[in-house]
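Some notes on the structure that comes next.
The values are calculated or read from the model by the stated rules, or taken from the named source; none is laboratory data. Here the structure is a predicted model, which means the values were calculated and not measured. Methodologically, a virtual Cβ is constructed for each residue, glycine included, from the backbone with ideal geometry; neighbour enumeration extends over all protein chains shown. Just so you know, the surface numbers come from the protein's heavy atoms only, side chains and all, with ligands and any DNA or RNA stripped out. Shrake-Rupley method; radii C 1.70, N 1.55, O 1.52, S 1.80 Å.
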Amino acid sequence: MDRATKLRSASWFDTPEYYGFSRKAWLRSEGFGRHIFEGKPVIGICNSWSELTNCNAHLRQVAEAVKRGVWAAGGVPLEFPTISLGEMFLKPTSMLYRNLMAMDVEESLRGYPLDGVVLLCGCDKTTPAQLMGAASADLPAIMVTGGPMLSGEWRGRKVGAGTDGRKLFDLHRAGRITDEELCEIEGGIARSAGHCTVMGTASTMASLVEALGMTLTGCAAIPAPDSRRMEIAERSGKRIVEMVHEDLRPSRILTRQAMENALMVDMAIGGSTNAVVHMLAIARRAGVDLSLDDFDRLSRRVPCIVNVKPSGEYLMEEFFSAGGVPVVMRRILDALHGECLTVTGRSIGENISGAECWNDDVIRTRDKALSEQGGTAILRGNIAPDGAVLKQTAASPRLLQHCGRALVFETYQHMREQIDSPDLPVDENTILVMKSCGPIGAPGFPEWGHIPMPRVLMDKGVTDVVRISDARMSGTSFGTVVLHVAPESAIGGPLWAVRTGDEITLDTENRAIRLEVSDEEMGRRLSAFTPPPPHFTRGYGKLFLDHVTQANLGCDFDFL
Ligand code: FES
């Protein structure tokens, strides 16, 4: 076979005109010998490494392992950067830039002489952004997620980055943890590179890309510093070269059935609510018609069996030791589409056929599930006609069926000013409502939905109340928190009409959320809506405001 004529990269290098010569010459300026142009697949290593994305800080070493595999299989690896989205550092919110990163990835894959790509990601938005871009570009692609950090430690106990950090910080707010103790926790809660150690958004998305079939089997849960992460990276480098020869592209893997598999795994692991938004966006890129109703339908079919925080007790390191995603998939295989093709060239069913569980308390059997239904419930009603999301496995059971009076914060800033007031008119039945936190209102759809517990309630020992907003929430958070209300209040969604003192009913069993006012009153209030001034009038921010879709459509740009 004359591979050179079949490879995409040949149209850059094997052309008779000046540029065929000059491209080879310019690449040789990096010290490559001429043999690299002799029909070898060129494999891009798309690296989201950045010192501003601590979760991805080890990806240069991972890239070196990928390169070994690519060379060994007869390919030529070329590593390149894209923008990277550091969840903890990027203001106003990394979600504002997910689509920008997806565009960066897509256009880099389209524009450069690549035959295939290995995608290196980890922190929350880097994984969906890379997959969105790769789905649109549709070159042979394999992902290597960066893996979770080592479990956090403080005074002999394990602490999970995110979930325990929030709890301990609240104890500090309440004066029950000293400044010195908080400083110790700060030094021990995030002990290495890698993403957060609970089933937050990053762990969830890593698990879902494995469930989709876009990583090698078992990739998601290997801790970032574990030598086995380097080993799977090396094997991924080897495998992508084979995938180029097999022309195995994302469009053959990212099917509707694969999406349904990922959604069911999301339910089984008690995944982050952010997965809803990202999976809708990935599906759109892959041309799959996925909707919020699919999440709800599938959540009723699959129980939550993974006992990892914030829904359960353990951390990602224990999830890995118990067997990780392959065990989860094997335990719900009867519900899955086992025939789906994966990057291994084999089906999901074949990939996981030998998976064994090494700790039944971490990954439960179905009869000992944490909850009968999956983690994510989709709610609808007159304040969320296009849907809202509740992570029921991280909620308080007593609040899943609840009716209470609203206390409304018009903005996030308003909430911050008021929440610790000793006179805040709240009790354990109050429903906290926050507006202007959606894709356009905030802007960028930040993780503000986990409204802190009011200090007056914490002083009384109340640990949870119902909270409702058009924001997102960190996957590491917990509580009875209704999120992603669509359409958002800043574009005149009915959430805008809620007033302090209104009665709201949360009826999780019937997937309903209602403002108890008449349609006439709702219409009268909404007729007074005027849009707030835009947050941006130029640049990427304006592009975002002009084209971002609402939460129920994945918040991708309408032209992508
Ligand atoms: Fe990157 Fe949590 S901050 S995954």
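Points to keep in mind about this one:
Matching residues to (1) more than 19 Å from P533 (Cα to Cα); (2) open to solvent by 10 Å² or more (accessible area, probe 1.4 Å); (3) among the aromatic types (F, W, Y):
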site	(1), (2), (3)
R405	yes, yes, no
Y412	no, yes, yes
S421	yes, yes, no
P425	yes, yes, no
I431	yes, no, no
F445	no, no, yes
V466	yes, no, no
G479	yes, no, no
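- Count of residues meeting criterion [open to solvent by less than 10 Å² (accessible area, probe 1.4 Å), in contact with a helix residue (DSSP H, G or I) (Cβ under 7 Å, 6 or more places away or on another chain) and within 15 Å of A141 (Cα to Cα)] in the stretch 49-75: 4
- Selection count where residues are closer than 15 Å to E488 by Cβ and not in a loop (DSSP other than H, G, I, E, B), scope the stretch 548-560: 4
- Complete set of residues in the stretch 501-547 that are in contact (Cβ under 8 Å) with a residue 24 or more places away in the chain and assigned to a helix (DSSP H, G or I): D519, M522, R525, L526, Y540, G541, F544, L545
- Yes/no for R60 being out of contact with any strand residue (DSSP E or B) (no Cβ under 6 Å at 6 or more places or on another chain) and in contact (Cβ under 8 Å) with a residue 40 or more places away in the chain: no
- Residues in the stretch 368-377 that are at pLDDT 95 or above and out of contact with any Pro (no Cβ under 7 Å at 6 or more places or on another chain): K368 alone.
- Any hit, the stretch 543-551, residues being charged (D, E, K, R), in contact with a strand residue (DSSP E or B) (Cβ under 7 Å, 6 or more places away or on another chain) and open to solvent by 20 Å² or more (accessible area, probe 1.4 Å): no
- One residue stands out among those in the stretch 199-237 that are within 16 Å of the ligand (Cβ to nearest atom), assigned to a loop (DSSP other than H, G, I, E, B) and small (G, A, S): the one that is surrounded by the most Cβ atoms within 10 Å (Cβ to Cβ), which is A220.
- When the test is whether a residue is away from the ligand (no atom under 16 Å from the Cβ) and open to solvent by 40 Å² or more (accessible area, probe 1.4 Å), S11 passes it.
- Filtering D334, D361 for residues that are open to solvent by 50 Å² or more (accessible area, probe 1.4 Å) and touching a Phe, Trp or Tyr at 6+ places or on another chain (Cβ under 9 Å) leaves a single hit, D361.
- Here is the figure for the stretch 19-55: residues that are farther than 12 Å from L120 by Cβ, within 16 Å of the ligand (Cβ to nearest atom) and of a type in the set (A, V, I, L, M, F, W, C) total 1.
- Residue match in the stretch 84-93 (condition: in contact with a strand residue (DSSP E or B) (Cβ under 8 Å, 6 or more places away or on another chain), within 29 Å of A286 (Cβ to Cβ) and of a type outside the set (A, V, I, L, M)): no
- For the stretch 345-354, residues that are open to solvent by 20 Å² or more (accessible area, probe 1.4 Å) and in a loop (DSSP other than H, G, I, E, B) total 4.
- Each residue in the stretch 399-422 was checked for being outside any loop (DSSP other than H, G, I, E, B) and either touching a Pro at 6+ places or on another chain (Cβ under 6 Å) or at pLDDT below 95 (or both), and 0 of them qualify.
- A count restricted to the stretch 140-157 and to residues that are more than 16 Å from the ligand (Cβ to nearest atom) and open to solvent by 10 Å² or more (accessible area, probe 1.4 Å) stands at 5.
- Residues within the stretch 83-126 that are buried (at least 22 other Cβ atoms within 10 Å of the Cβ), polar (S, T, N, Q) and away from the ligand (no atom under 16 Å from the Cβ), tallied: 1
- Counting only helices (runs of 4 or more DSSP H) wholly contained in the stretch 250-317, the ones carrying 3 or more residues that are in contact (Cβ under 8 Å) with a residue 24 or more places away in the chain, touching a helix residue (DSSP H, G or I) at 6+ places or on another chain (Cβ under 8 Å) and not hydrophobic (A, V, I, L, M, F, W, C) occupy 256-269, 274-285.
- Residue within the stretch 174-187 that is open to solvent by less than 30 Å² (accessible area, probe 1.4 Å) and either among the basic types (K, R) or more than 14 Å from the ligand (Cβ to nearest atom) (or both) present: yes
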